[in-house]
Amino acid sequence: MIPLNRRASQTRGGMEYFDARRKPHNVGKVIAALVLTTLCIFVLKQSPGFGGSSVFSRHEPGVTHVLVTGGAGYIGSHASLRLLKDNYRVTIVVNKIFAENAFDAVMHFAAVAYVGESTLEPLRYYHNITSNTLLILEAMASHGVKTLIYSSTCATYGEPEKMPIVETTRQLPINPYGKAKKMAEDIILDFTKGRKDMAVMILRYFNVIGSDPEGRLGEAPRPELREHGRISGACFDAALGIIPGLKVKGTDYPTTDGTCIRDYIDVTDLVDAHVKALNKAEPSKVGIYNVGTGRGRSVKEFVDACKKATGVNIKIEYLSRRPGDYAEVYSDPTKINTELNWTAQYTDLKESLSVAWRWQKSHPRGYGSN
């Protein structure tokens, strides 16, 4: 189990996974995601031992040093902020960084995560998700890092016949995103079978919404991914006038109003689940948990909540189904409630969207210049 008594929080940035498809727009995003910790980095660099043996390069009793892959992304940045608040030592992203640091745990968020895009570029998704997870595990094994919190997805379940989804529901993913995550899970489980000292937590979360309640962080996908992005982002773009309206894909699903049903989880609750998983991780044990509210909401319900949150009468265009999508998905969070003492707190859809909307209004160009 990770030690609970920690010293003051510290953070340092490394190099993100290389992706030649990223646009220059992301430079501003990375800088902004790390701006909250810049002062700490500066102070550390001024310290006498920083150039040689820094505090990051050695284990210290009572201090938990967490490597956060994807720490400049939407969910990873929120997780990094929470870890710092809870006095963990944090290093963000990976590139030959294991040799330069003494890590106690890894939170692995880094991944492309758009269902629609995955059907168009499947090889990219298998490489980015599955192959990179393999590289992380190899680095952990080489450097004796024995705790892993893995960010997985409900997409590994595909379209189960029975709702709600429990952790033992059969995994039959129907799109490359879900398949790549399922493969990564299988690799992790095989890896832990031969290493009894590993402490592993796999969190399969549902549809993430919201942003930091204090307005420090938000979601800003690359412009070319807006077409494949989360419905909340599309709602906000329509409310801001960036796009002419919201496209609802699929109105003929076997649901009450014909639109998809999803379990929307606030990013603040999701991060809390990761921190609790880290604190409960134990050697020789693998914990697998669904992270959701346990309540399904239709896309129509979501759109109505978004209109109320933004105060804008967003124009809606109804289109055919999106490739790789499924009709109904929501969780049974009983296991995580019981074993990790975690329960979703931010379950008011309109309120979560209102918080995210405030950030979007003040950052119409994301993390770039506004």
Right, Ala356: modelled with pLDDT of 95 or more and assigned to a helix (DSSP H, G or I) or not? yes
Which condition number in (1) under 17 Å from the mean Cα position of the chain (by Cα); (2) hydrophobic (A, V, I, L, M, F, W, C); (3) part of a loop (DSSP other than H, G, I, E, B) is the one that Ile242 fails? (1)
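To keep it simple, each residue is scored yes or no on (1) within 30 Å of Val275 (Cβ to Cβ); (2) of a type in the set (D, E, K, R); (3) in contact with a helix residue (DSSP H, G or I) (Cβ under 8 Å, 6 or more places away or on another chain); (4) open to solvent by 20 Å² or more (accessible area, probe 1.4 Å).
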site	(1), (2), (3), (4)
Ile314	no, no, yes, no
Glu317	no, yes, no, yes
Ser320	no, no, no, yes
Asp325	no, yes, yes, yes
Leu340	yes, no, yes, no
I'd like the residue in the range 97-129 that is under 21 Å from Pro221 (Cβ atoms) and in a loop (DSSP other than H, G, I, E, B) and, out of all such residues, is nearest to the chain's Cα centre (by Cα). Phe109
What single numbered condition from (1) farther than 26 Å from Gly294 by Cβ; (2) in a helix (DSSP H, G or I); (3) open to solvent by less than 30 Å² (accessible area, probe 1.4 Å) fails to hold for Tyr367? (2)
Would you check if Ile288 is outside any helix (DSSP H, G or I), of a type in the set (Val, Ile, Thr) and open to solvent by less than 20 Å² (accessible area, probe 1.4 Å)? no
Can you name every residue in the range 131-155 that is surrounded by fewer than 21 Cβ atoms within 10 Å (Cβ to Cβ) and of a type in the set (Ser, Thr, Tyr)? Ser131, Ser142
Identify all residues within the range 168-184 that are buried (at least 18 other Cβ atoms within 10 Å of the Cβ) and touching a strand residue (DSSP E or B) at 6+ places or on another chain (Cβ under 6 Å); write none if there are none. Pro173, Lys181
State yes or no: is Ile41 on the phi < 0 side of the Ramachandran plot and either modelled with pLDDT of 90 or more or in a strand (DSSP E or B) (or both)? no
The residue that is most open to solvent (accessible area, probe 1.4 Å), considering only those in the range 74-96 that are over 16 Å from the mean Cα position of the chain (by Cα) and modelled with pLDDT of 85 or more, is Lys85
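The values are calculated or read from the model by the stated rules, or taken from the named source; none is laboratory data. These figures come from a predicted structure and were not determined experimentally. Every residue, glycine among them, receives a Cβ derived from its backbone with ideal geometry; neighbour counts consider all protein chains shown. Surface areas here come from the heavy atoms of the whole protein model, side chains and all, with no ligands, DNA or RNA. Shrake-Rupley method; radii C 1.70, N 1.55, O 1.52, S 1.80 Å.
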